[in-house]
Amino acid sequence: MIQNVSIDHHTISGFGGFTEETVFIMPNKGATLLLGINGAGKTTVLNSIYYSLSNLISGFVPLRPKEIGISQSAVSIKRDKAEVFTYLSINDEIPANEIGYRLLKNGQVQIIGKDSNRIRKEFKDLFMDGILPLFRYFQSQKTIDNSTVTSIIYNKIEDRNTGYNQHYSKSILIQEVTSFLINQINIENQEKVDKNDFSVETPIGIYVRRTLRDFSSALYDGIVDVKVGESKYSTGQSIILTKNNKSFEFLQLSSGEQYVFSIVLELIFRIVTLNPNNPDFRATPGIVLIDEIEDHLHPKWQLTIIGALEMCFPNIQFIISTHSPLIASSVRNSNILPLSDFKVIPIEEIPNVYSGTADELLEKVLLSDVQISNFSTEKDEIYK
């Protein structure tokens with residue numbers, strides 16, 4: 001049984017701008033933050049990691065390498081191949097398991113890594129009877145798909161594949177996700193009626209409410225209540241948030257609020273769907289990649305978003321890219337992998353930003369006087 005899974009370290013050679021072998025050592029605890037200006041190599045690292053992970057589940061979900069930026073063009077100029085190795089720690093095993101792939105100039109992908117075949121088989125066995133880990137890559141330029149739901153509305157979970165569907169899509173299918181979660185809460189409400197006991201709670205209902213309340217309370221001042229009710233603006237029901245004694249349907253939230261809640265709702269959806277009989281959803285293991293997490297986020301939320309995600313999903317490893325000094329200042333130096341021109345900057349060479357100003361970080365890593373000015377403006381906005 002997989003109780004936890006995380007990336008111990010990751011190596012790239014001949015992939016994109018990383019012409020020479022580059023090693024990325026992940027922190028022992030907490031999120032990993034890939035920090036650097038646009039073009040530093042952050043997205044290349046995320047793409048290379050996620051294709052390794054995708055190969056583990058390619059036996060039962062479709063895999064389209066080009067949608068993750070994996071094609072012959074990803075091979076570095078003047079190199080005839082790219083090699084990527086990801087070292088997975090499963091249940092804290094030592095040494096970590098080596099999985100990987102080789103990408104040739106003709107576009108052919110070869111699975112390499114001494115443990116790749118064994119780990120893929122173990123994942124297939126887990127699909128039959130075991131806890132499946134969550135894998136999701138939220139790529140940059142993420143969009144929220146509010147289109148009409150055309151898929152079936154699940155009253156019960158019969159296909160665990162659903163938890164991996166579109167696991168690297170740029171679109172967050174919020175209507176499908178919220179419809180599923182609303183349905184689960186309605187199932188719980190029906191049980192209350194059937195048993196004439198309004199204290200009845202289902203495991204899924206408990207998990208959904210707790211996670212949304214914990215997450216929203218980490219972003220707002222005070223407790224935020226979450227419930228299901230009839231929509232005033234569309235046909236059917238909606239998830240409703242109550243903050244400061246005012247109720248808001250999901251589509252009434254600001255773009256920033258919709259963005260962060262969409263990510264959390266989708267993670268809840270995938271966790272519940274992958275392992276519907278899990279006695280502890282909160283303990284679901286997994287690895288989640290997020291490119292440019294600062295999209296649409298108010299400066300205050302940039303300071304709290306990583307901590308909120310870690311609190312709600314404590315057994316998931318988050319690997320996140322950003323060029324926001326505010327987000328960088330919310331984690332310790334040991335959790336930062338600074339990049340510049342497709343090279344890792346030694347952590348000893350960057351200032352300690354966790355307990356102080358990030359102005360030095362901007363000068364050393366982000367190298368932008370304009371961003372320093374913007375950062376000062378954002379700080380003023382926070383402390384107004």
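Please treat every number below as a calculation from the coordinates, not as lab data. A quick note: this is a predicted structure, and the numbers were derived from the prediction, not measured. Cβ: placed from backbone, ideal geometry, glycine included. Neighbour counts: every protein chain shown.
The residues Lys232, Lys42, when put in order of fewest to most other Cβ atoms within 10 Å, stand as Lys232, Lys42.
Rounded to the nearest whole Hz, the Karplus-based 3J(HN,Hα) values (6.51 cos²θ - 1.76 cosθ + 1.60, θ = phi - 60°) of segment 347-353 follow the sequence 4, 5, 8, 10, x, 6, 9, with x at glycine and proline.
Subtracting the Cα-Cα distance of Glu348 and Asn277 from 0.36 nm times their residue separation leaves 21.0 nm of extension gain.
Relative to the Cα centre, the charge distribution of segment 143-283, modelled as +1 at Lys and Arg Cβ and -1 at Asp and Glu Cβ, gives a dipole magnitude of about 160 debye.
Per residue, how big is the convex hull of segment 198-356 when only Cα atoms are used? Give it in Å³.
Details: hull volume 23.7 nm³, N = 159.
Enclosed volume per residue, from the Cα hull, is 149 Å³.
Extents of segment 143-283, taken as max minus min of Cα coordinates on every principal axis and listed largest first, are 38, 34, 33 Å.
Arrange the following residues from fewest to most other Cβ atoms within 10 Å of their Cβ: Glu257, Glu20.
On the way: Glu257 21, Glu20 11.
Sorted ascending by nearby Cβ count, the order is Glu20, Glu257.
Listing Thr19, Thr322 from the residue with the fewest other Cβ atoms within 10 Å to the one with the most, what is the order? Provide the component values of the computation, followed by the final result.
On the way: Thr19 16, Thr322 26.
In increasing order of surrounding Cβ atoms, one gets Thr19, Thr322.
In this calculation the C-beta distance from Asp125 to Ser254 is compared with R0 = 41 Å, giving a FRET efficiency of 0.40. Rounded, prolate or oblate: pick one for segment 191-245, where a ≥ b ≥ c are the square roots of the eigenvalues of its C-alpha gyration tensor, a/c under 1.5 means rounded, and failing that, prolate if a/b is larger than b/c, else oblate. It comes out oblate by the Cα gyration axes. The residue list Gln252, Ala283, Ala218 was ranked by how far each Cα lies along the charge dipole of segment 143-283 toward its positive end, using unit charges on Cβ atoms, and Ala218 comes out on top. Per-residue Karplus couplings for segment 269-285, computed as 6.51 cos²θ - 1.76 cosθ + 1.60 with θ equal to phi - 60°, are listed in order as 4, 5, 4, 5, 6, 5, 9, x, 9, 5, x, 9, 4, 4, 8, 4, x Hz, Gly and Pro entered as x. Annotation: extensible slack from Ile112 through Asn244 equals 42.1 nm (criterion: 0.36 nm per residue apart, minus Cα-Cα distance).
May I ask for the net charge around Phe123, where only other residues with Cβ less than 13 Å from the Cβ of Phe123 are counted and Lys, Arg are +1 while Asp, Glu are -1?
Numbers: positive: Arg118, Arg120, Lys121, Lys124, Arg160; negative: Asp115, Glu122, Asp125, Asp129.
Charge balance near Phe123 sits at +1.
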